[in-house]
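Notes follow once the structure below has been shown.
What follows draws every value from the coordinates through simple rules; no lab data is involved. Note that this is a predicted model, so its numbers are computed, not measured. Ideal geometry is used to build each Cβ from the backbone, glycine not excepted, and the neighbour counts take in all protein chains shown.
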Amino acid sequence: MSRYAVNSLLYRLKKDQDFRARFEADARAALVGFDLTDAERAAFVARDMRKINELGGYLHLVMSVPGLAAH
Amino acid sequence: MGKIVFAGAMSHVLDPDYYQRACGDDGRQKVTACMAEIARMGERFTATRPDALIVVADDHLNAFSFNAVPALCVRIGRTVPRMKQDHAEAFDAVLDHMPDEYPLHEDLANQILEKGLDAGFDLAMSWEAPVDHAFLSPVNTMHGTRPIPPLVPIWVNSFVAPQPTPRRCFDFGRHIARVVAAGPWKVGIIATGGLSHFPELSLPRVGETDTVFDRKLIHWMEAGEHEPLRNLGVDELHKTGEHEFLNWMVLLGAVTPARAQVRYFGELPRINLAAVEWSLP
């Protein structure tokens, strides 16, 4: 289920500082093993919060992941 | 015999710097005015010498992740911590300077849970969930440096579809009122969030509000006309950005048929700020 995959990833990016650092260093590598569609994976790699929101990412998460938040 | 001695509802990002960044000088001026009214509401609440304060608010995907999303959840235990977020941004940064821990009113929380079972409310409970700005921004603004009475935090799932209906939230509020009436305590209740903002939870629509819909809600609350409010649909709340009005619906059920008095209403591009207090018998 994409809604679960996208939002659990956003939640982890927000709450897990080490994971966020790995993502910031190499997003594609950090996402290996996550059950994302190609479009979802591309949106995360591009840090495109608007697209992630369109794909089901909850607004309050896309507005509050440190360093990646849309405002 | 117990009594609800205070009821109020208010916006819950109460931070001049946040609104300066989001809306410029107008944002700072309006939230400062709104906070002043909420502080005065807090003084009136403290003057009732309350035993507990029920806070009905929503989670912003902070307390609950996607392991479980409770429709209605009561916080139990002795104390509750504020949410901690490293490198907090936006509404999370509002919490940074607030006290770390708050007392809870465990007896009242347990009664809401236990009596709920016979009243048709199988509520979720949490011993661990922290509280975010939705709870603590209003509570701290109301109290300033005065002691905060024991809290009963209650979460309503305002954002993760499918949400509870406005009617269900109202009926839950009536349950709270019956529990308070049967107990020995003087209790305040606040509902937080709103009014309209973030329609459809869509990032491109951040910056839109629905003032016409806000004024309709306010009219019904001022008139004590609660039936049209009970008949609102979750879809309607989603489209207009009134998701957090579900919290207000719980409060309305707790105080019905009391009438609301608007202490503050201010339009901003990002959100319409509000502070409302009910005249209780």
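Mind checking which residues of the range B:82-105 are among the aliphatic types (A, V, I, L, M), free of Cβ contacts under 8 Å to residues at least 60 places away in the same chain and part of a loop (DSSP other than H, G, I, E, B)?
Taking the range B:82-105 first, the residues among the aliphatic types (A, V, I, L, M) are B:83, B:88, B:90, B:93-95, B:98, B:104.
Keeping just the survivors that are free of Cβ contacts under 8 Å to residues at least 60 places away in the same chain gives B:83, B:88, B:95, B:98, B:104.
Correct list: B:83, B:88, B:95, B:98.
Looking at the range B:259-271, which of its residues are of a type outside the set (Phe, Trp, Tyr) and either part of a helix (DSSP H, G or I) or in contact with a strand residue (DSSP E or B) (Cβ under 7 Å, 6 or more places away or on another chain) (or both)?
B:259, B:260, B:261, B:262, B:263, B:266
Condition test on residue B:256, is it among the polar types (S, T, N, Q) and more than 26 Å from residue B:2 (Cβ to Cβ)?
No, not satisfied.
Could you please find all residues in the range B:1-37 being in contact with a Cys (Cβ under 9 Å, 6 or more places away or on another chain) and of a type in the set (A, V, I, L, M)? Can you show your working first?
We begin by selecting, within the range B:1-37, every residue in contact with a Cys (Cβ under 9 Å, 6 or more places away or on another chain); these are B:10-11, B:14, B:30-31.
Matches in the range B:1-37: B:10, B:14, B:31.
Which residues, taken from the range A:18-62, are within 13 Å of chain B (Cβ to nearest Cβ), within 23 Å of residue B:206 (Cα to Cα), in a helix (DSSP H, G or I) and touching a residue at least 24 places away in the same chain (Cβ under 8 Å)?
Selection gives A:52, A:61, A:62.
I'd like to verify a number: residues in the range B:174-195 that are away from chain A (no Cβ under 14 Å), in contact with a strand residue (DSSP E or B) (Cβ under 9 Å, 6 or more places away or on another chain) and farther than 16 Å from residue B:5 by Cβ, how many?
Final tally of qualifying residues: 3.
Name the pairs whose Cβ atoms lie under 9 Å apart, with the first residue in the range B:54-78 and facing chain A (nearest Cβ under 9 Å), the second of a type in the set (Lys, Arg) and crowded, with 20+ Cβ neighbours inside 10 Å, and 6 or more positions between them or separate chains?
What qualifies is B:61/A:14; B:62/A:14.
Within the range B:2-27, which residues are of a type in the set (S, T, N, Q) and free of Cβ contacts under 8 Å to residues at least 40 places away in the same chain?
First, pick out the residues of the range B:2-27 that are of a type in the set (S, T, N, Q): B:11, B:20.
Once the filter is applied, which keeps residues that are of a type in the set (S, T, N, Q) and free of Cβ contacts under 8 Å to residues at least 40 places away in the same chain, the range B:2-27 yields only B:20.
What number of residues within the range B:57-81 satisfy the criterion of being assigned to a loop (DSSP other than H, G, I, E, B), out of contact with any His (no Cβ under 6 Å at 6 or more places or on another chain) and under 23 Å from residue A:16 (Cβ atoms)? Even if it seems obvious, please write down each step before you answer.
Quick first cut of the range B:57-81, residues assigned to a loop (DSSP other than H, G, I, E, B) only: B:59-71, B:76-78.
Retained after the next criterion (residues that are out of contact with any His (no Cβ under 6 Å at 6 or more places or on another chain)): B:59, B:62-71, B:76-78.
Add one more test, that the residue is under 23 Å from residue A:16 (Cβ atoms), and what stays is B:59, B:62-70.
Total meeting the criteria: 10.
Would you be able to tell me the number of residues in the range B:225-257 that are free of Cβ contacts under 8 Å to residues at least 40 places away in the same chain and either touching a Phe, Trp or Tyr at 6+ places or on another chain (Cβ under 9 Å) or under 20 Å from residue B:273 (Cβ atoms) (or both)?
Residues in the range B:225-257 being free of Cβ contacts under 8 Å to residues at least 40 places away in the same chain and either touching a Phe, Trp or Tyr at 6+ places or on another chain (Cβ under 9 Å) or under 20 Å from residue B:273 (Cβ atoms) (or both): 3 in total.
Report whether or not residue B:166 is away from chain A (no Cβ under 14 Å) and in contact with a Phe, Trp or Tyr (Cβ under 6 Å, 6 or more places away or on another chain).
So residue B:166 fails the test.
On the basis of being more than 18 Å from the chain's Cα centre (by Cα) and not acidic (Asp, Glu), does residue B:16 make the cut?
Here the answer is yes, as residue B:16 does meet what is asked.
If I ask for residues that are without any contact (Cβ under 8 Å) to a residue 40 or more places away in the chain and either exposed (fewer than 14 other Cβ atoms within 10 Å of the Cβ) or not hydrophobic (A, V, I, L, M, F, W, C) (or both), which ones from the range A:1-16 would you list?
The first filter runs over the range A:1-16 and keeps only residues without any contact (Cβ under 8 Å) to a residue 40 or more places away in the chain, leaving A:1, A:4-5, A:8-9, A:12, A:15-16.
Within the range A:1-16, A:1, A:4, A:8, A:12, A:15, A:16 meet the criteria.
Taking into account only those residues within the range B:216-236 that are more than 23 Å from residue B:180 (Cβ to Cβ) and in contact with a helix residue (DSSP H, G or I) (Cβ under 6 Å, 6 or more places away or on another chain), which is surrounded by the fewest Cβ atoms within 10 Å (Cβ to Cβ)?
In this case the residue turns out to be B:228.
Within the range B:8-27, is even one residue in a helix (DSSP H, G or I), touching an Asp or Glu at 6+ places or on another chain (Cβ under 8 Å) and either farther than 14 Å from residue B:190 by Cα or not polar (S, T, N, Q) (or both)?
Taking the range B:8-27 first, the residues in a helix (DSSP H, G or I) are B:16-27.
Checking the rest, the ones that are also touching an Asp or Glu at 6+ places or on another chain (Cβ under 8 Å) come to none.
No: zero hits.
Which one of these does residue B:122 not meet: (1) in a loop (DSSP other than H, G, I, E, B); (2) crowded, with 16+ Cβ neighbours inside 10 Å?
(2)
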